[in-house]
Amino acid sequence: MYFIDFFAYIVFQILQIYKYAVIIYVILSMLISFNVINYNNSIVSIVMDFLYKLTEPLLKIIRKFLPSFGAFDLSPVLLIIIIEATQYVMTKYGF
């Protein structure tokens, strides 16, 4: 029983970190698009490349099902809602 609790705790924490990665990715991409920070900075480009490779596979899947809203990309919002719902189910049913 302890192994299942430990595994559920690890999955919950991974989802939490992934949620923060999506939020940071969205904020950094907005800052880059508004020219607040420069993508040519080596640290910014390394962080953005890492976050892109981490978050884009799931965002790409969600974008296939979402309709196009022009310049607005709602896939990160839907991904965060899915992560939150998964975490809620895990805590509600004792995983």
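The values are calculated or read from the model by the stated rules, or taken from the named source; none is laboratory data. All values reported here derive from a predicted model rather than from experimental measurement. When we count neighbours, we look across all protein chains shown, and the Cβ atoms used for this are built from the backbone with ideal geometry, even at glycine.
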Notebook entry, point to check: So which residues in region 16-36 are among the aromatic types (Phe, Trp, Tyr) and at pLDDT 95 or above, if there are any at all?
Noted result: Tyr18, Tyr20, Tyr25
Next item on the list: Among the residues of region 62-95, count how many are part of a helix (DSSP H, G or I) and under 18 Å from Ile14 (Cβ atoms).
Entry: 14
Next item on the list: Can you tell me which residue among Ile43, Ile17 is exposed (fewer than 14 other Cβ atoms within 10 Å of the Cβ) and either within 19 Å of Thr86 (Cα to Cα) or touching a His at 6+ places or on another chain (Cβ under 7 Å) (or both)?
Entry: Ile17
Next item on the list: Report, by residue number, each residue of region 46-95 that is charged (D, E, K, R), loosely packed, with under 14 Cβ neighbours inside 10 Å and over 13 Å from Ser29 (Cα atoms).
Entry: Lys53, Lys60, Lys64, Glu84, Lys92
Next item on the list: Check Val36, Val47, Val26 and return the single one that is among the aliphatic types (A, V, I, L, M) and assigned to a loop (DSSP other than H, G, I, E, B).
Entry: Val36
Notebook entry, point to check: Does any residue in region 26-40 that is under 17 Å from Thr55 (Cα atoms) come within less than 9 Å, Cβ to Cβ, of a residue that is surrounded by fewer than 10 Cβ atoms within 10 Å (Cβ to Cβ) and among the hydroxyl-bearing types (Ser, Thr, Tyr) six or more places away or on a different chain, and which pairs are these?
Noted result: none
Note to self: Condition first: among the aromatic types (Phe, Trp, Tyr) and at pLDDT 85 or above. Now tell me which residues in region 56-75 satisfy that.
What the structure shows: Phe65, Phe72
